[in-house]
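Colleague: Right, I'll just put the structure down here and ask away after.
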Amino acid sequence: MKVGCLLIHGWTGSPFEMEPLVAPLESEGYEVRNIMLPGHGTSFEDFQTTGWTDWEWAAEKEYQELAAKVDAVFVIGLSMGGTLALHLASKYPVAGVVSLAAPLYLYSFFPWQMKDWRIPFTPIVKNFKPVFPLRRRDDEHLRISPWVGYDEFVSMQQLHELMKGAKKVRGEITAINAPILAIQAPTDKSVPLGNIFLIAKSVSSKEVTVKLLRIKEKVTGHHVVTTHIETSKRVVELVRGFVKEQVSTKM
């Protein structure tokens, strides 16, 4: 059986954050496609012209192209990439899905869960302050959790697009019946931890595995578990093991 793995990076990120999974999955004989979403990997100005429909369309196109070449496809995504992976799993007959710190929502009032109190006002704020400057990741941050993407500014329109997309997928995931592995750091500062439990209880899959990976350092936001020095190897181990186990049951 020929197996394919579709890797999807997160919002404002790049394929760099999924790269640690490429060689280990290829070593198992799987065809791996580590995709670049529209507006990413070029310029912040390009990013500002894209939205959820563009990202969703690109993920579906890449899935269809990979599915035409293999017998089974696993969809694996980090952050928004995980949300897109869940979308694909709700629409297509995937062999398995891995969501890594994937958001179905970015904030909650009860209980209080949000990175920034201004997030709920994004739909309003975007109309009079479309871009906010950010403090770039410093060298220590990047040493601990390497990352490549747009981190000098946040575009409120594209943040709103992410929020709308997450809400859309939240209404879709009851259709997922493929085996699922969900991974997140309990101290993730970008995506509320409640998301991983919402995913686990909402899908219709008979096999649901939730893994919480603890991070001790206090420098980063504990979100990019694929490259973080405390979690990267464990993520690779869990994802590779999950795919191998599912493949063995289908052969």
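Colleague: Could you order peptides 101-111, 218-228, 118-128, 83-93 by the average number of other Cβ atoms within 10 Å of their residues, highest first?
Modeller: 83-93, 218-228, 101-111, 118-128
Colleague: Average projected area of the Cα convex hull of the chain, in nm²?
Modeller: 12.5 nm²
Colleague: Next question. Relative contact order for the range 17-156 using alpha-carbon pairs under 8 Å, separation at least 6, rounded to a whole percent?
Modeller: 17 percent
Colleague: Can you give the Kirkwood hydrodynamic radius of the range 47-93 from its Cα pairs, in Å with one decimal?
Modeller: 11.2 Å
Colleague: Next question, about the same structure. For the range 91-165, what does the relative contact order come out to in percent, with C-alpha contacts under 8 Å and a separation of six or more?
Modeller: Relative contact order, the range 91-165: 30 percent.
Colleague: Please list the radius of gyration and Dmax for the range 20-108, considering alpha-carbon atoms only, with Å as the unit.
Modeller: 13.7, 42
Colleague: Considering amide H positions built from the backbone, and no H for Pro or chain starts, which residues 5 or more places from residue 113, or on another chain, come under 5 Å of its amide H?
Modeller: HN-HN under 5 Å from residue 113: 108.
Colleague: Provide the net charge surrounding residue 113, with neighbours chosen by a C-beta distance below 15 Å and charges set as Lys +1, Arg +1, Asp -1, Glu -1.
Modeller: Combined, the nearby Lys, Arg, Asp and Glu give +2.
Colleague: Also, I was wondering about something else. Restricting to the chain, compute how many DSSP beta bridges are antiparallel as a %, nearest 5.
Modeller: Looking only at bridges with both residues in the chain, the antiparallel portion is about 15 percent.
Colleague: Where q = 0.24 Å⁻¹, what log10 of I(q)/I(0) comes from the Debye formula for the range 198-251, counting one point per Cα?
Modeller: Values, matching the q order: -1.01.
Colleague: Once amide H atoms are placed 1.01 Å from N in the peptide plane, what residues at a sequence separation of 5 or more from residue 215, or on another chain, have their amide H within under 5 Å of its amide H?
Modeller: 187
Colleague: Output ³J(HN,Hα) for the range 189-201: one whole-Hz value per residue in order, computed from phi by the Karplus curve 6.51 cos²θ - 1.76 cosθ + 1.60 with θ = phi - 60°, and x for Gly and Pro.
Modeller: Working through the residues one at a time gives 8, 9, 10, x, 4, x, 4, 5, 7, 5, 4, 4, 8 Hz.
Colleague: If you put +1 on each Lys and Arg Cβ and -1 on each Asp and Glu Cβ, how big is the dipole of the chain around its Cα centre, in Debye rounded to 20?
Modeller: In total the dipole reaches around 800 debye.
Colleague: I would also like to ask the following. How do the peptides 199-208, 135-144 rank, highest first, by the average count of neighbouring beta carbon atoms within 10 Å per residue?
Modeller: Ranked by mean Cβ neighbours within 10 Å, highest first: 199-208, 135-144.
Colleague: Out of residues 5 or more away from residue 154 or on other chains, whose amide H comes under 5 Å of its own, with H placed 1.01 Å from N in the peptide plane?
Modeller: When sequence neighbours closer than 5 places are left aside, the close amide H contacts are 132, 134.
Colleague: I would also like to ask the following. What fraction, in whole percent, of alpha-carbon pairs in the range 68-119 exceed 19 Å separation?
Modeller: 41 percent
Colleague: Let me ask something else. How many Å² of accessible area per residue for the chain, probe 1.4 Å?
Modeller: Per-residue value: 46 Å².
Colleague: With θ set to phi - 60°, apply the Karplus curve 6.51 cos²θ - 1.76 cosθ + 1.60 along the range 66-82 and write out the HN-Hα couplings as whole Hz, x wherever there is a Gly or Pro.
Modeller: Values per residue, Gly and Pro as x: 5, 4, 6, 9, 10, 8, 8, 10, 9, 9, 9, x, 9, 6, 4, x, x Hz.
Colleague: Turning to a different aspect of this structure: Beyond a 28 Å Cα-Cα separation, which of these cross-linked pairs lie in this structure: 129/216; 69/167; 206/244; 2/61; 168/233; 164/233?
Modeller: Where the Cα-Cα span goes over 28 Å, the pairs concerned are 129/216; 69/167; 168/233; 164/233.
Colleague: Would you tally the net charge around residue 4, using a Cβ to Cβ cut-off of less than 12 Å, leaving residue 4 out, and scoring K and R as +1, D and E as -1?
Modeller: -3
Colleague: Tell me, what is the percent relative contact order of the chain, built from C-alpha pairs under 8 Å that lie six or more residues apart?
Modeller: Relative contact order of the chain: 22 percent.
Colleague: Sum -39500 (n - 2.57) across every DSSP H segment of at least 4 residues in the chain, then divide by the residue count to get the 222 nm mean residue ellipticity, nearest 500.
Modeller: Computed ellipticity for the chain at 222 nm equals -11000 deg cm²/dmol.
Colleague: Hey, any idea what % of the chain's accessible area is carbon plus sulfur with a 1.4 Å probe?
Modeller: 55 percent
Colleague: Looking at 106, 155, 79, which one has the Cα that reaches farthest to the positive end of the dipole of the chain (charges on Cβ: Lys, Arg +1; Asp, Glu -1)?
Modeller: 106
Colleague: Turning to a different aspect of this structure: For a bin width of 10 Å, list the pair-distance distribution of the range 95-236 built from all Cα-Cα distances, rounded to whole %.
Modeller: Reading upward from the zero bin: 11, 36, 37, 15, 1.
The values are calculated or read from the model by the stated rules, or taken from the named source; none is laboratory data. What you see is a predicted model; the values in this text were computed from it and never measured. Positions of Cβ are generated from backbone atoms using ideal geometry, with glycine treated the same way; all protein chains shown enter the neighbour counts. These accessible areas exclude ligands, DNA and RNA; they are computed on the full protein's heavy atoms, side chains included. Shrake-Rupley method; radii C 1.70, N 1.55, O 1.52, S 1.80 Å.
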